[in-house]
1. For GLY117, are the conditions met, namely being touching a Lys or Arg at 6+ places or on another chain (Cβ under 6 Å) and either touching a residue at least 12 places away in the same chain (Cβ under 8 Å) or farther than 29 Å from THR76 by Cα (or both)?
2. Condition first: out of contact with any Asp or Glu (no Cβ under 7 Å at 6 or more places or on another chain) and crowded, with 19+ Cβ neighbours inside 10 Å. Now tell me which residues in segment 113-141 satisfy that.
3. Please count how many residues of segment 72-97 are hydroxyl-bearing (Ser, Thr, Tyr) and under 26 Å from THR116 (Cα atoms).
4. Of all residues being of a type outside the set (A, V, I, L, M) and crowded, with 16+ Cβ neighbours inside 10 Å in segment 52-75, which is modelled with the lowest pLDDT? Just the residue, please.
5. Filter segment 275-309 for residues that are among the aliphatic types (A, V, I, L, M) and modelled with pLDDT of 65 or more; which is nearest to LEU334 (Cα to Cα)?
6. Quick one: in segment 26-36, which of the residues that are part of a loop (DSSP other than H, G, I, E, B) and out of contact with any helix residue (DSSP H, G or I) (no Cβ under 6 Å at 6 or more places or on another chain) is modelled with the highest pLDDT?
7. Considering only residues that are part of a helix (DSSP H, G or I), charged (D, E, K, R) and surrounded by fewer than 11 Cβ atoms within 10 Å (Cβ to Cβ), which ones fall in segment 309-335?
8. Collect the residues in segment 309-327 that are of a type in the set (Val, Ile, Thr) and within 13 Å of VAL267 (Cα to Cα), keeping them in residue-number order.
Amino acid sequence: MRSLFPSSTLAVALLSLLVPHVAEAQCGRPGVNGYANFTFPNGMTSGDTITYANVGMLGGQAVDVRVTRLSTTPSTGFTHTLQGISGAAVVTFASAGAPGTPGTATLRLRYEIFLTGTTTPAMGDFSAEIGDLDRTTSFTERITPTLGGLTAYELSRAPPTTVQAGARATEIVFSGTADNGVGSGADDNAVVLTFRNRTSFDIAYEVEHDGTTFNRFFALDASLPNFISSATQTGCVPVTDSDADGVPNLIDVGAIATPGYLRESIVTPSAVILYGPNPNQHYDKSQPRDANGAYPNSEALRWFVRDADGKRTSKMPSFAGFPPEQIADLVAFLRSLDGKGPPP
């Protein structure tokens, strides 16, 4: 029996080039298709840990969510509270006084899921919306989830979106670009994060300030009624490095793409061009910001070029010339990547 693993030449080429064409990433919705539906009970602490008890079901079992402060940078001059408000896990991050010097303050939190009443980790799929990411002349709000387990995201308000996504080391940075003038938890200025097969995740909450006093709110919501509506979504954007090793992967492509779609992406890569933003694309900060405060995209990492008529054409070459049996082997290999463990 022939091995499912493709030749190294074809595999390396496709792992680096095929990812942008697999546009069928799954963005989760609480309580739909096995995704957890979490409601955070009321409660508040200014300490470093809060446990939200019995927030919902994950994999058929009741679970708790524990939120722990990992760090605050700078380490002095800033305060925080962790609390449950209207079913959301809300973070308040404030300066103890006027910082005096412009800079960025960062509060990094870890969210861990346990079987209710125990310290036994619970693994599953879940998604969370963080809304009201604002930008004014005095501050810019950002969140930076670590990539481990993050498989997809989507932004509200398109066009134009009021949240900018950019790459930074092992994180994707989501920045507010406008002030919507609404309290925490608002659906505009929002991002939805989808995690698969995780027991925990980290999020850094950042405030870039002008040196004056600030008191900012971030609401993480994981219950369906409060999610952004389909009318405001940018579409589901796959995260191509969901294991956070610095290399694009197709860790769950077998669960979200059909054999026909995979074969088409290999043989005719320009048949489908992903229109959403590339999470690996850098923004060109040498250029001025636009009216919404967003930097223009750098052309260097775009995965397509435009012909004279403006039509998008993939930078990925066609592999139609490879033997049919090798293409069939590659499709079978990619189908084996279902996000549930290493390939066979």
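1. Details: touching a Lys or Arg at 6+ places or on another chain (Cβ under 6 Å): no; either touching a residue at least 12 places away in the same chain (Cβ under 8 Å) or farther than 29 Å from THR76 by Cα (or both): yes.
Criteria not met by GLY117.
2. ILE113, ALA122, GLY124, ASP125, PHE126, SER127, ILE130, ASP132
3. Taking segment 72-97 first, the residues hydroxyl-bearing (Ser, Thr, Tyr) are 72-73, 75-76, 79, 81, 86, 92, 95.
Then keep just the ones that are under 26 Å from THR116 (Cα atoms); that gives 81, 86, 92.
Counting residues in segment 72-97 that are hydroxyl-bearing (Ser, Thr, Tyr) and under 26 Å from THR116 (Cα atoms) gives 3.
4. Quick first cut of segment 52-75, residues of a type outside the set (A, V, I, L, M) only: 52, 54, 56, 59-61, 64, 66, 68-69, 71-75.
Applying the additional criterion that residues be crowded, with 16+ Cβ neighbours inside 10 Å yields 52, 56, 64, 66, 68-69, 72.
Values: TYR52: 97, GLY56: 93, ASP64: 97, ARG66: 97, THR68: 97, ARG69: 97, THR72: 96.
Here the residue is GLY56.
5. Our first condition is that a residue be among the aliphatic types (A, V, I, L, M); within segment 275-309, this holds for 291, 294, 300-301, 305, 308.
Restricting the remaining residues to those that are modelled with pLDDT of 65 or more gives 291, 294, 305, 308.
On the way: ALA291: 42, ALA294: 36, VAL305: 26, ALA308: 34 Å.
That would be VAL305.
6. Here is the first cut: in segment 26-36, the ones part of a loop (DSSP other than H, G, I, E, B) are 26-28, 30-31, 33-36.
From the residues that got through so far, the ones that are out of contact with any helix residue (DSSP H, G or I) (no Cβ under 6 Å at 6 or more places or on another chain) too are 27-28, 33-36.
Numbers: CYS27: 78, GLY28: 81, ASN33: 78, GLY34: 81, TYR35: 85, ALA36: 88.
Here the answer is ALA36.
7. Residues of segment 309-335 that are part of a helix (DSSP H, G or I), as a first pass: 324-335.
Cutting the leftovers down to charged (D, E, K, R) gives us 325, 329, 335.
Passing the criteria: only GLU325.
8. Kept after step one, since they are of a type in the set (Val, Ile, Thr), are these residues of segment 309-327: 313, 327.
Across segment 309-327, the qualifying residue is only ILE327.
The values are calculated or read from the model by the stated rules, or taken from the named source; none is laboratory data. Treat the numbers as computed from the prediction; the structure is a model and nothing was measured. Cβ atoms come from the backbone with ideal geometry, glycine included; neighbour counts cover every protein chain shown.
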